[in-house]
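Structure, as structure tokens:
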Amino acid sequence: MTAGGMALVSFVFAAVLMLAEGLEQTLTETGSPENVIVLRGSSETEVTSIIEREAAAIIETQPETAFDVTGEHVSAKELLVLVTLSKKGTDKPANVMVRGADKQSLALRPQVKLIAGRYPRSGAHEVIVGSSMSRALKNGEPGSRLSFALIDWEVVGVFDAGKTAFSSEIWADCNQLMSAFRRNAYTSVIMRVNEQDSFNSLKARLEGDPRLSVQVRRETDFYRAQSEVMARFIRILGLATTVFFSVGAILGAMVTMYAAVANRTREIGTLRALGFSRFHILLAFIAESLFLGILGGMVGVGVSSLLQFITISTLNWETFSELAFSFRLTPVIACVTISFSLFMGFCGGMLPAYWGARLNIVDALRT
């Protein structure tokens, strides 16, 4: 029962770390290290950014921008809007990101793969839905229609972007989306820049251009920043809960070890009479307590590893949109969880072990 209590605490501890790690990796893997995102200077998210058409034309024609095999710039002017749609199985609303994609958007996001249907036609009110949103939304399958911006959009395909935030988005033709929402400006410009020196020179030139008011960031750095606030909140709340539960686990281990010492008083006296020192008695009981701790930690990690098969959807506090992600178990989380369980075992066994080691030989043999 003591090992089981430690296993439950270890499970909660590992689950919290896995949840935060899953959120961070989902957003971090969304970006590509070769891609650069250009936003309005004061914007923290794409939704709040505005890039005028004239500014976008200046940005995408910079000399650092990579070219494809046809000689075109590998850059995309995109629009990101937030819409409210109904979830599948319920009438509860969900905030969903709709991305107006350019013709180079797919080239910039090689992780996006079409798994059903086809891509939207240019100039048509058609959309493709990310795999996570297709499972979660009502009418998210190919052949259905989604209604937003007073227009019915036909779902013509489903795409999978792996465990990234793109799988929680809906993609449409950028020009059609701008027309539907009566927008005359983009929210971001994405471009491919391969070399670090090129990125630094591009960043210095664009951010220093008096015609522009923009910020230039690596796409990976941008999406990593999107996860910081929520991941920090999950860790703080989860760790506070874990510490509270761990006190009970430590007290349970302490009661168990005190009982073990009380039931082995004569054995302790016999070992002392045979020449074993107090230090040996202390080590024996601490080792037993540590064994309970590591057993509980391994069981907790083993059970928590099953959470990786679960995908959850929550509200991204930065963008206020639905974001689907999975628990992620890493070797670091496993080692930290087992170390925490060993710490609980050590704290629960130290005082009983000290009490057992201080027993008088004669009194112990008379028991």
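Read-outs throughout are calculated quantities, based only on the coordinates presented, and are distinct from any laboratory measurement. It should be emphasised that the depicted structure is a prediction, and the values quoted were computed from it without experimental measurement. Virtual Cβ from ideal backbone geometry, glycine too; neighbours counted across all protein chains shown.
Just subtract the alpha-carbon distance of N194 and D363 from 0.36 nm times their residue separation and send over the number in nm, one decimal.
In short, 53.1 nm is gained.
Express as a percent, rounded to the nearest 5, the fraction of DSSP beta bridges in the chain (both residues included) that run antiparallel.
Details: 42 of 52 bridges.
If we restrict to bridges inside the chain, about 80 percent are antiparallel.
Quick one: which of K92/K138; K163/K203; K92/K163; K88/K113 span more than 21 angstrom between C-alpha atoms?
Checking Cα-Cα distances, K163/K203; K92/K163; K88/K113 exceed 21 Å.
Give the Cα extents of region 35-193 along the principal axes, in whole Å, largest first.
50, 31, 28
So what's the back-of-envelope 222 nm ellipticity for the chain, counting only DSSP H runs of four-plus at -39500 (n - 2.57) apiece and dividing by all residues, rounded to 500?
Roughly -16000 deg cm²/dmol at 222 nm, from the helical runs in the chain.
How about region 96-192: which trypsin sites (Lys or Arg not before Pro) there are in a DSSP loop, with at most 13 other Cβ atoms within 10 Å of their Cβ?
Details: sites: R99, K103, K113, R118, R121, R135, K138, R145, K163, R182, R183, R192; in loops: K103, R118, R121, K138, K163, R182, R183.
In loop regions of region 96-192 (DSSP not H, G, I, E or B), the sparsely surrounded trypsin sites (Lys or Arg not before Pro) are K103, R118, R121, R182.
Can you check what the net charge comes to around A357, using other residues whose Cβ is under 11 Å from the Cβ of A357 (Lys, Arg +1; Asp, Glu -1)?
Working: positive: R272, R278, R358; negative: none.
Cβ neighbours under 11 Å give a net charge of +3.
Taking the 0 to 90 degree range and rounding to the nearest ten, how far is the long axis of helix 196-208 tilted relative to the main principal axis of the chain, both from C-alpha atoms?
Compared with the principal axis, the helix lies near 60 degrees.
Limiting things to C-alpha atoms, what are the Rg and the maximum Cα-Cα separation (Dmax) for region 146-194, in angstroms?
Here Rg and the maximum Cα pair distance are 13.3, 41 Å.
Tell me, what HN-Hα J-couplings in whole Hz come from the Karplus equation 6.51 cos²θ - 1.76 cosθ + 1.60 at θ = phi - 60° for each residue of region 74-79, using x for Gly and Pro?
After applying 6.51 cos²θ - 1.76 cosθ + 1.60, I find 8, 8, 9, 9, 10, 10 Hz.
Against the 2.2 N^0.38 Å scaling, with N counting residues, where does region 209-261 land? I'd like the Cα-based Rg ratio to two decimal places. Present the calculation step by step, with values, prior to reporting the outcome.
Values: Rg = 23.2 Å, N = 53, 2.2 N^0.38 = 9.9 Å.
Working it through for region 209-261, the quotient is 2.33.
Within a 10 angstrom radius of the beta carbon, how do F325, F11 rank from fewest other beta carbons to most?
On the way: F325 25, F11 21.
So the ranking, lowest neighbour count to highest, is F11, F325.
Report, for region 35-193, the % of DSSP beta bridges that are antiparallel, rounded to 5. Intermediate results must be reported in sequence, preceding the final value.
Details: 31 of 41 bridges.
Counting DSSP beta bridges with both partners in region 35-193, the antiparallel share is about 75 percent.
Each residue of region 169-176 in turn: what ³J(HN,Hα) in whole Hz from Karplus with 6.51, -1.76, 1.60 and θ = phi - 60°, glycine and Pro shown as x?
Per-residue couplings from phi come out as 10, 10, 10, 9, 5, 4, 5, 5 Hz.
Please compute the Kirkwood hydrodynamic radius over region 1-105, one decimal place, Å, based on all pairs of different Cα atoms. The partial results should precede the final answer.
On the way: mean 1/r = 0.0555 Å⁻¹.
Every distinct Cα pair counted, the radius reaches 18.0 Å.
Let's see if you can work this out: charge +1 on each Lys and Arg Cβ, -1 on each Asp and Glu Cβ, no other charges. What is the dipole magnitude of region 35-193 about its Cα centre, in debye to the nearest 20?
Values: 19 positive and 18 negative charges, 110 e Å.
Using only the charged Cβ atoms, the result is roughly 520 debye.
List the extent of the Cα atoms of the chain along each of their three principal axes, largest first, rounded to whole Å.
Rounded to whole Å, the extents work out to 94, 49, 33 Å.
To the nearest µm²/s, what D does Stokes-Einstein give for region 63-112 at 4 °C and 1.567 mPa s, using the Kirkwood radius over alpha carbon pairs as Rh?
Numbers: Rh = 13.4 Å.
Once the numbers are plugged in, D ends up at 97 µm²/s.
Relative to the longest principal axis of the C-alpha atoms of the chain, give the angle of the C-alpha long axis of helix 331-357, reported between 0 and 90° and rounded to the nearest 10°.
Result, in degrees: 20.
Sorted from fewest to most neighbouring beta carbons within 10 Å, what does the list E34, E72, E46 look like?
Working: E34 17, E72 12, E46 24.
Fewest to most other Cβ atoms nearby, the residues stand as E72, E34, E46.
Count charges around R328 for me, please; just the other residues with Cβ under 9 Å from its Cβ, Lys/Arg as +1, Asp/Glu as -1. If you can, show how the numbers build up before the last one.
On the way: positive: K163; negative: E21, E24.
After counting each charged neighbour, the total is -1.
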